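Structure record follows, encoded as structure tokens.
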Amino acid sequence: MLQQTTVEAVAARYDRFLSRFPDLRALARAREESVLAAWSGLGYYARARNLRRAARLVARDHDGSLPRDPRTLERLPGFGRYTAAAVVCLAHGARVPAIDANVTRVLSRLFAISGIAGRREHRRAVEERARQLLTSGRPDLLTAAMMDLGQLVCVPRRPLCASCPLEAVCEARRRGNPGSYPRKARKPASVSVFLATAFARRDGRALLVRRPPGLLEGLWEFPCAQATTRTRARRALAERIRPLGLRLGGSPIGMATHTVVNRRLSIEVLPAAANSSFAIRDSKSSAIRWLTPEQLERAAIPTLTRKVARAAGLLD
């Protein structure tokens, strides 16, 4: 859950997720849609799919217990080198460096390691320093301490050096420029995108469609279309909802914004109504549903869908 997601965002869902899926066998038995619903709002939904797939493989091949060998873990879906290292180090006390962004920042500043974060040379230098530190003591506590230090004190901007227990031995602090370590790769330029969404309501229920294969596959969204201009987005949306038996209404009923990596979405929520010459598809279809606000709260929906629902007045 913490991969590319803040502790604040995870904290609100972690306990609920474990209550619903208390162990790997429970997760392995669960339907994918149930797992996605519990993950709703955290983003990067491939993580949830991989977590379920990994649980199924562990239940089948490892008697329901996570392997302790990092190379075996790396063969599970979603387990890259870092995740495997974090499991064996934090859970089992193995002397294997688990290098996340926080640990990278702490060690880069502590030893003034030059280079750009994420590049091979820099990553190797950080890992070597971590290995040296893990030769004595409890590696799980040391690794967790570095993670916490990076999150709470040795923060990316304006590090709280005066509160840091390592201030006296920090080389970047001694040089007077801790904030310049590590260097970051240049971010791609932001791109403006216009998204038109259709809001159709019937008997207190709103129409949603299932996402096709891709980044958010299987999640529920309001019918939508995007383009480089607002007018083109509306036209594309009108074409998309015609097979559903819908037509766009008048003025927008809500607006929202959303950011995905470097794309900045300007969202327009437009009313949609049934076209008399068409019949809206059966709501029991696997690709379309009419959901109440209560059902929407429990459904597998991304943050974007939630923002549209709020803009339309369906959710608070």
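Every number here is computed from the coordinates shown, using simple stated rules; none is lab data. Keep in mind the model is a prediction, meaning the values are calculated, not measured. Positions of Cβ are backbone-derived with ideal geometry, glycine not excepted, and every protein chain shown enters the neighbour counts.
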Counting only residues 5 or more apart in sequence or on a different chain, those whose built amide H sits under 5 Å from that of R183 are G115, A117
Determine the calculated [θ] at 222 nm for the chain from helices alone, applying -39500 (n - 2.57) to every DSSP H run no shorter than 4 residues and normalising by the residue count; nearest 500 deg cm²/dmol. -11500 deg cm²/dmol
For the range 47-100, the fraction of alpha-carbon pairs in successive 10 Å shells from zero, as %: 28, 55, 17
So the compactness index of the range 1-75, its C-alpha Rg divided by 2.2 N^0.38 Å, takes the value 1.10
L141 to R60: FRET efficiency via 1/(1 + (r/R0)^6), r the Cβ-Cβ distance, R0 22 Å, to the nearest 0.05? 0.10
Over the range 1-156, the quotient of the Cα radius of gyration and 2.2 N^0.38 Å is 1.10
Taking the chain, how much of its Cα-Cα pair set, in percent, is spaced more than 26 angstrom apart? 58
Antiparallel bridges, percent of DSSP beta bridges restricted to the range 191-311 (to nearest 5): 70
Calculate how many DSSP beta bridges within the chain are antiparallel, expressed in % of all such bridges and rounded to the nearest 5. 70
To the nearest whole percent, what portion of all C-alpha pairs in the range 191-311 is separated by more than 26 angstrom? 13
Solvent-free Debye scattering, log10 I(q)/I(0), computed from the Cα coordinates of the range 100-186 at q = 0.12, 0.14, 0.17, 0.20 Å⁻¹: -0.31, -0.43, -0.64, -0.89
Residue separation times 0.36 nm, minus the C-alpha to C-alpha distance between E297 and R120: what's the value? 59.5 nm
Gap separating the Cα centres of the range 211-243 and the range 125-189, nearest whole Å: 43
